[in-house]
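The values are calculated or read from the model by the stated rules, or taken from the named source; none is laboratory data. All values derive from a computational prediction rather than experimental measurement. Positions of Cβ are backbone-derived with ideal geometry, glycine not excepted, and every protein chain shown enters the neighbour counts. Ligands, DNA and RNA are stripped out before the accessible areas are found, and what is left, the full protein with its side chains, is counted by its heavy atoms. Shrake-Rupley method; radii C 1.70, N 1.55, O 1.52, S 1.80 Å.
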Amino acid sequence: MDTFNPTSPAPHRDDTDTHAGDAAARALRDRRQRTHDNKLTKRLMRETGRAIADFNMIEEGDKVMVCLSGGKDSYSLLDILLTHQSRAPFKFDIVAVNLDQKQPGFPDHVLPQYLESLGVPFHIETQDTYSVVTRVIPEGKTMCSLCSRMRRAILYRVASELGATKIALGHHRDDILATFFLNLFYGGRMKAMPPKLMSDDGKNIVIRPLAYVAEKDLIAYASLKQFPIIPCNLCGSQENLKRQEMNRMIAEWDKKMPGRSWNVFGALNRVVPSHLMDNRLFDFAGLKATGVADEDGDMAFDAEDFDAPIAGFEHEDGGEAAHDAVLETKPAAAKRPVVFMTDLRAERKA
């Protein structure tokens, strides 16, 4: 019988095997990371392409002015739109615009250097709105409202001067949801950020191609692309406490009940005016019985079934089956088709 002798020398360990095992583990991790990054990129391209197609955001001959702030969202928006531009079956132009508001410490060399490296046309608009806002708004009061109005007016003017037909903003799905809840809880109205709308001056069309994109995906994409992010607190920006409250609520929902926020987001795309209370959207006063059955009629005596999954607006997981040049066809009650910029021409002719 073999016995263990503590004075015996330890068995020789082959360092070659150890190094080989470490190399294999690293290779496996690298392969998994590449797969993850590839799925992330495909998902972002798919979701932006789908939003662009659903709302006819970009058309032949458009000049899209991408508002670039230096944050993760606007960097991602520009990067994704440039990729769509290279794949689109029709021509549209892109110009990146940054408004330098002369906040103290703003690194005004970062964006020009980055845009020059891309070779994308750009314009830096310099307007000292910071001094105006700090002079007009009493110390301790929120500056954001006046600042945003001034910024919007300047960007509208710049869009006209540059001949832009669309103004692209980097608001994402979480921004839209937070805005909806802010209006619901504090404004007493059902209103959000539409993916496409006419500007308040009536001269511009504003689009939000990231409308279907979750913020967590943009965070991951910015990390992947290593964008030269400019901090958003350069002017000592004041935290919007109510918006932060909404963001925390949405994050808590996603943590405890995955899918709830996507259900709420999907509801913005399935409004039933006859089952709300706005006389401007539905003629309640003139409603008469027709004697014709209506499956969308009142269900006052029926129990609502909220356990069934909601069809027609689900978040895609970025699977490998999606291909850039293919428009998936699914039953009407299933998931929406995956749409890319390469599909837009066929989509419009249908």
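When each of the peptides 189-202, 214-227, 20-33 is scored by the mean number of other C-beta atoms lying within 10 Å of its residues, the order from highest to lowest reads 214-227, 189-202, 20-33.
Can you list the lysines whose alpha carbon sits under 24 Å from that of Lys72, skipping same-chain ones fewer than 8 residues off? Excluding near neighbours in sequence, the set is Lys39, Lys42, Lys63, Lys102, Lys166, Lys196, Lys216, Lys225, Lys242, Lys255.
Sorting 46-56, 82-92 by their mean Cβ neighbour count within 10 Å, with the most densely packed peptide first, gives 46-56, 82-92. Residues whose amide H falls under 5 Å from that of Met193, counting only those 5 or more places apart or on a different chain, are Phe180, with hydrogens built in the peptide plane. When peptides 111-124, 159-172, 93-106 are sorted by average Cβ neighbour count within 10 Å, with the highest value leading, the order is 159-172, 93-106, 111-124. The HN-Hα couplings worked out from phi for the range 273-289 by the Karplus form 6.51 cos²θ - 1.76 cosθ + 1.60 (θ = phi - 60°) are x, 5, 10, 10, 9, 9, 5, 6, 9, 9, 7, 5, 4, x, 5, 10, 5 Hz, whole numbers, x standing for Gly and Pro.
Kindly report the accessible area of the range 153-236 per residue (heavy atoms of protein chains, probe 1.4 Å, no ligands, DNA or RNA), in Å².
Per-residue value: 45 Å².
What does the charge add up to near Thr179, with Lys and Arg as +1, Asp and Glu as -1, over the other residues with Cβ less than 12 Å from its Cβ?
Numbers: positive: Arg173, Arg189, Lys191, Arg208, Lys242, Arg243; negative: Asp174, Asp175.
Its environment carries a net charge of +4.
Mind giving me the FRET efficiency for Phe55 and Ala20? R0 is 41 Å, r the Cβ-Cβ distance, nearest 0.05 is fine.
On the way: r = 53 Å, r/R0 = 1.30.
After rounding, the FRET efficiency stands at 0.15.
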